[in-house]
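Take a look at the structure set out below.
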Amino acid sequence: MTKKVFLYVGFFVVLVISFWFFLFRGTDAWKTQLPVLSYVKPFSFKNQDNISFTDRDMLGKVAVVEYFFTTCKGICPRMNTNMHTIYDQFKNEPNFIILSHSCDPETDSVPRMKHYADSLKVDTKKWIFLTGKKDSLYYQARNSYLLDDPKNSLEKIEDQFIHTQFFALVDKDGQVRGQIYDGLKKDELDRLKDDISILLKEKSKNGNFVNGIFNQ
């Protein structure tokens, strides 16, 4: 009798394992998931070619996001030297982009952003430089990408200045994932590269952005 019980229990366990295997095979549900921190709110900025770039253009792409300004002599050159290593590693991935936003749009006009992009000798379809209205740029930094504290928006916009060394990582569904990465620390850059690879392998859950931003 005991032997039969063990056989039945063993059969049941095998059955359950097989069920879960076939249920999740071909999906990412069984894998360790990077945490979701936020999601991308709607926006529209101009890229270095004076073409509108919106949240819809991120659809289906894994994106690394930063804020910098072209006249910066401090952390920005170091950040973008490090960002260039990320670009070099993933530039041939069709579903990968980098978004570099200006935090000084009064200075960083479209022509200036174009000149800066050209100086880096990168493919600007893969590494995109964005400028626009300061309040909109700062809203995205704080509320979409978590690159600055939203409480800092209590001052007048003309008196505000974001100067951050941090990068954000966005998945194919417009979710900010993983962590906020320090663009000046090698260990965090290595972690970012690993996390990019994880998200590139993930399938988009809905084929559109979450929270109703996109519709089929």
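The values are calculated or read from the model by the stated rules, or taken from the named source; none is laboratory data. This structure is a prediction, so every number in the text was calculated from the model and none was measured. Please note: Cβ atoms are built from the backbone with ideal geometry, for glycine as well, and neighbour counts cover all protein chains shown.
Among the residues of region 45-84, those that are among the hydroxyl-bearing types (S, T, Y) and touching a residue at least 12 places away in the same chain (Cβ under 8 Å) comprise T54, Y67, T70, T71.
Filtering region 63-90 to residues that are more than 22 Å from R142 (Cβ to Cβ) and buried (at least 16 other Cβ atoms within 10 Å of the Cβ) leaves N82, H84, I86, Y87, F90.
Go over the candidates S153, S197, S119 one by one and state the one that is polar (S, T, N, Q), surrounded by fewer than 15 Cβ atoms within 10 Å (Cβ to Cβ) and over 25 Å from D49 (Cβ atoms). Lay out the reasoning, then the answer.
Details: S153 fails: surrounded by fewer than 15 Cβ atoms within 10 Å (Cβ to Cβ); S119 fails: over 25 Å from D49 (Cβ atoms).
Result of the check over S153, S197, S119: S197.
Close contacts from region 150-172, counting a first residue that is in contact (Cβ under 8 Å) with a residue 60 or more places away in the chain and a second that is assigned to a helix (DSSP H, G or I) and acidic (D, E), with Cβ to Cβ under 8 Å and a gap of 6+ residues or different chains, come to L169/D195.
Looking at (1) part of a strand (DSSP E or B); (2) over 18 Å from A168 (Cβ atoms); (3) without any contact (Cβ under 8 Å) to a residue 40 or more places away in the chain, which is the one condition that is false for P94? For P94, the exception is condition (1).
Among the residues of region 22-36, are any part of a helix (DSSP H, G or I), at pLDDT below 95 and surrounded by 10 or more Cβ atoms within 10 Å (Cβ to Cβ)? It would help to see each step written out before you state the result.
Our first condition is that a residue be part of a helix (DSSP H, G or I); within region 22-36, this holds for 22-24.
Add one more test, that the residue is at pLDDT below 95, and what stays is 22-24.
Within this subset, residues satisfying the condition of being surrounded by 10 or more Cβ atoms within 10 Å (Cβ to Cβ) are 23-24.
Yes, the conditions are met somewhere in region 22-36.
L99: in contact with a helix residue (DSSP H, G or I) (Cβ under 9 Å, 6 or more places away or on another chain) and either surrounded by fewer than 14 Cβ atoms within 10 Å (Cβ to Cβ) or part of a strand (DSSP E or B) (or both), yes or no? When the stated conditions are applied, L99 passes them. Residue-level check: of (1) over 20 Å from M58 (Cβ atoms); (2) surrounded by 22 or more Cβ atoms within 10 Å (Cβ to Cβ), D171 misses just (1).
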